[in-house]
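J.: Just dropping this structure here.
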Amino acid sequence: MERLGIRSTLGLAAFVLMVGCLAASPFTALCGAGWPFAAAALLGVVCDLFLHRTEPGLMDRLSRLHVGETHRFEVRSVVLLLLLARLDLAGHTGLTAAITLVMCLLGGQALHSAMRTMIRRRLRFPLAACDVAPRLPGIADRPLRSLTEWPGQRMLVYELTALLGLTGTLATGDARWVVAGLTAATGACLLTLLALAPYLVRAIHLSRLSRAAQHHHPVARRPRKDGPAAVAAARPWRP
């Protein structure tokens with residue numbers, strides 16, 4: 001368990017359940033078994049959320065192996081579309097809407113990751129590279145942790161919303177439930193991007209101010225002294 005980064009027996013059991021549910025989802029989708037697919041997907045998402053909370057080391061190792069939360073989210077989304085096409089519950093229009101929403105959700109997650117990385121780099125680099133940056137006006141405020149942290153858990157919440165919509169579709173036979181779930185997930189992702197946009201603009205503005213200040217007011221640095229003369233100068237004088 002230590003090699004996997006798992007610290008408890010409960011975490012190991014949750015990991016085994018998550019892998020089993022992820023492996024069972026394609027088979028249930030191909031067979032057109034809606035309720036087994038929904039049960040496996042919901043259980044897998046719950047186990048994934050639990051592991052994000054309790055086993056961060058395992059999540060880091062999975063990301064290094066290119067089976068992180070983003071890849072698992074993509075697999076579950078494709079399998080969900082496969083199930084909708086197999087059951088023919090949504091029809092041509094509903095399936096097209098579901099595919100469009102899933103693509104928008106995946107694109108929104110990629111854009112969120114890029115914006116988060118740019119904000120972090122542009123907020124840290126100027127302050128570290130330029131000594132006058134803290135005295136400049138218009139220093140960007142750091143965004144809330146709820147907007148930048150926990151991206152894996154945010155994706156799982158989006159997926160849970162879509163799966164709840166699928167459950168409603170399976171129970172009622174109305175495809176509008178799954179489309180509504182995907183729409184809610186995509187809308188939440190869009191709101192997160194809109195909330196991050198002002199922070200990105202301020203971070204870019206801060207970076208430009210820092211570079212301009214560094215160009216017009218370079219920081220004077222003392223020349224470095226090496227060799228025997230520097231050692232002799234550093235020794236205290238004794239009469």
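The values are calculated or read from the model by the stated rules, or taken from the named source; none is laboratory data. Keep in mind it's a predicted model, so treat the numbers as computed, not measured. Please note: Cβ atoms are built from the backbone with ideal geometry, for glycine as well, and neighbour counts cover all protein chains shown. We work out accessible area using only protein heavy atoms, side chains counted, and drop any ligands, DNA or RNA first. Shrake-Rupley method; radii C 1.70, N 1.55, O 1.52, S 1.80 Å.
J.: Hey, among the residues in segment 72-114 that are of a type in the set (S, T, N, Q) and in contact with a Pro (Cβ under 8 Å, 6 or more places away or on another chain), which one's most open to solvent (accessible area, probe 1.4 Å)?
T.: In the first step, residues of segment 72-114 are kept if they are of a type in the set (S, T, N, Q); the result is 77, 93, 96, 100, 109, 113.
Those still in the list that are in contact with a Pro (Cβ under 8 Å, 6 or more places away or on another chain) too: 109, 113.
Values: Gln109: 21, Ser113: 49 Å².
Taking the candidates together, the pick is Ser113.
J.: Just the residues that are open to solvent by less than 10 Å² (accessible area, probe 1.4 Å) and in contact with a Gly (Cβ under 7 Å, 6 or more places away or on another chain), please, taken from segment 167-185.
T.: Val178, Gly181, Leu182
J.: Then there's this: Of everything in segment 1-25, what is polar (S, T, N, Q) and open to solvent by 50 Å² or more (accessible area, probe 1.4 Å)? Give them in sequence order.
T.: Thr9
J.: Related question: Does Thr28 qualify as being open to solvent by 40 Å² or more (accessible area, probe 1.4 Å) and hydroxyl-bearing (Ser, Thr, Tyr)?
T.: In short, no.
J.: Can you pull out every residue in segment 31-59 that is open to solvent by less than 40 Å² (accessible area, probe 1.4 Å), small (Gly, Ala, Ser) and either assigned to a helix (DSSP H, G or I) or in contact (Cβ under 8 Å) with a residue 12 or more places away in the chain (or both)?
T.: Result: Gly32, Gly34, Ala38, Ala40, Ala41, Gly44, Gly57.
J.: Of Leu196, Leu206, which residue is at pLDDT below 75 and either surrounded by 14 or more Cβ atoms within 10 Å (Cβ to Cβ) or assigned to a helix (DSSP H, G or I) (or both)? So that I can check it myself, show each step before the final result.
T.: Values: Leu196 fails: at pLDDT below 75.
Of the residues listed, the single one that is at pLDDT below 75 and either surrounded by 14 or more Cβ atoms within 10 Å (Cβ to Cβ) or assigned to a helix (DSSP H, G or I) (or both) is Leu206.
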